[in-house]
Amino acid sequence: MLKTFSKTDIGRKRKINQDNVYTCEVPLGNLPNLFIVCDGMGGHKAGDFASAYAVKAIEREVMICEEKEPIRIIREAIECANAEIYEKAGTDEHLRGMGTTAVVATIVDHTLLVANVGDSRLYIIGDEIEQITKDHSLVEEMVRIGGIDRSEAREHPDKNIITRALGVSESVDVDFFEVELKEGDIILMCTDGLTNMVEDEDIRMVVKAQRDVVQIVEELIKVANHNGGSDNIGVVIIEEGNYE
């Protein structure tokens, strides 16, 4: 049985909330469950529109997809959302240039399947914290080639420039990850409004100190806002039980 809780918060500096989250613990189409985090980008309300539209489009496509294999279902849903957002951005000048990150996950028989575009993240938290997704960002590329280290990356002025997003081109390159879950693992999906404000180890300590999924989410948002709250904050927590 899954225990989940999700929430977004506008933060302390932004006037519009461009983060959107979605959880469905019961079967949806041919998936046993579905979890989504999106962080929109674009002027005025374009980013808000992009992230909300992506969530709705992915949910809809998962529901109607006739594929049986989970990765194919998720890939088709993300590609469809990308095409629709790109088309809308090209036909409405108020939405031009919009896009959104997306992390999409499902759990099948204690196996976590994850798709990622952009710099929103999914972590597995147990005795340690492990980032499963890989950021599609300019700074992450610099870290990978050895140009800067992790500590420099956190303070880099270009840390918010992403290299992939839904809706910015006709096609989208999606990364997929597969993880075997262990008893006691907690899954965190979040936008950079959390990870830019709270260090990974501090996230782990907050998660392990709380009694339930609701308290975890509320406390993570509280800490991110206490540390500055410079961006919207989107958080999904998933805890899986019933291991035999």
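For region 17-38, does any single residue satisfy the condition of being touching a His at 6+ places or on another chain (Cβ under 8 Å) and in contact (Cβ under 8 Å) with a residue 12 or more places away in the chain?
no
Kindly indicate whether any position in region 8-24 is assigned to a helix (DSSP H, G or I), surrounded by fewer than 18 Cβ atoms within 10 Å (Cβ to Cβ) and more than 15 Å from the chain's Cα centre (by Cα).
Among the residues of region 8-24, not one is assigned to a helix (DSSP H, G or I), surrounded by fewer than 18 Cβ atoms within 10 Å (Cβ to Cβ) and more than 15 Å from the chain's Cα centre (by Cα), which makes the answer no.
Just one of Ile85, Ile125, Ile132, Ile107 is within 25 Å of Ile186 (Cβ to Cβ) and touching a helix residue (DSSP H, G or I) at 6+ places or on another chain (Cβ under 7 Å); which is it?
After applying the criteria, what remains is Ile125.
So Met189 passes all but one of these: (1) within 19 Å of Thr4 (Cβ to Cβ); (2) surrounded by fewer than 18 Cβ atoms within 10 Å (Cβ to Cβ). Which condition number does it fail?
Only one criterion is unmet by Met189, namely (2).
Among the residues of region 61-83, which ones are in a helix (DSSP H, G or I) and without any contact (Cβ under 8 Å) to a residue 40 or more places away in the chain?
Hits for region 61-83 are Glu61, Val62, Met63, Ile64, Arg72, Glu76, Ala77, Cys80.
When region 114-145 is examined, which residues are found to be in contact (Cβ under 8 Å) with a residue 60 or more places away in the chain, within 15 Å of the chain's Cα centre (by Cα) and assigned to a strand (DSSP E or B)?
Of everything in region 114-145, those that are in contact (Cβ under 8 Å) with a residue 60 or more places away in the chain, within 15 Å of the chain's Cα centre (by Cα) and assigned to a strand (DSSP E or B) turn out to be Val114, Ala115, Asn116, Arg121, Leu122, Tyr123, Ile124, Gln131.
Looking only at region 84-113, count every residue that is in contact (Cβ under 8 Å) with a residue 40 or more places away in the chain and either crowded, with 24+ Cβ neighbours inside 10 Å or polar (S, T, N, Q) (or both) and tell me the total.
Within region 84-113, residues that are in contact (Cβ under 8 Å) with a residue 40 or more places away in the chain and either crowded, with 24+ Cβ neighbours inside 10 Å or polar (S, T, N, Q) (or both) number 11.
Name the pairs whose Cβ atoms lie under 7 Å apart, with the first residue in region 180-192 and among the basic types (Lys, Arg), the second surrounded by fewer than 24 Cβ atoms within 10 Å (Cβ to Cβ), and 6 or more positions between them or separate chains?
Pairs that qualify, where the first residue is among the basic types (Lys, Arg) and the partner is surrounded by fewer than 24 Cβ atoms within 10 Å (Cβ to Cβ), are Lys182/Gly126.
From the set of residues in region 197-220 that are free of Cβ contacts under 8 Å to residues at least 60 places away in the same chain and farther than 17 Å from Ser120 by Cα, which is surrounded by the fewest Cβ atoms within 10 Å (Cβ to Cβ)? Break it down stepwise before answering.
To start, the set of residues in region 197-220 that are free of Cβ contacts under 8 Å to residues at least 60 places away in the same chain comprises 197-199, 202, 205-206, 209-211, 215, 219-220.
Restricting the remaining residues to those that are farther than 17 Å from Ser120 by Cα gives 202, 205-206, 209-211, 215, 219.
Values: Asp202: 14, Met205: 14, Val206: 19, Ala209: 10, Gln210: 16, Arg211: 7, Gln215: 15, Glu219: 15.
Among residues in region 197-220 that are free of Cβ contacts under 8 Å to residues at least 60 places away in the same chain and farther than 17 Å from Ser120 by Cα, the one surrounded by the fewest Cβ atoms within 10 Å (Cβ to Cβ) is Arg211.
State all residues of region 27-60 that are closer than 18 Å to Ser137 by Cβ, of a type outside the set (A, V, I, L, M, F, W, C) and not in a helix (DSSP H, G or I); if no residue qualifies, say none.
Correct list: Asp39, Gly40, Gly42.
Condition first: surrounded by 19 or more Cβ atoms within 10 Å (Cβ to Cβ), assigned to a loop (DSSP other than H, G, I, E, B) and modelled with pLDDT under 90. Now tell me which residues in region 146-179 satisfy that.
Lys159
The values are calculated or read from the model by the stated rules, or taken from the named source; none is laboratory data. Values in this document were obtained by computation on a predicted structure and should not be read as measured data. All Cβ positions, glycine included, derive from the backbone under ideal geometry; neighbour counts span all protein chains shown.
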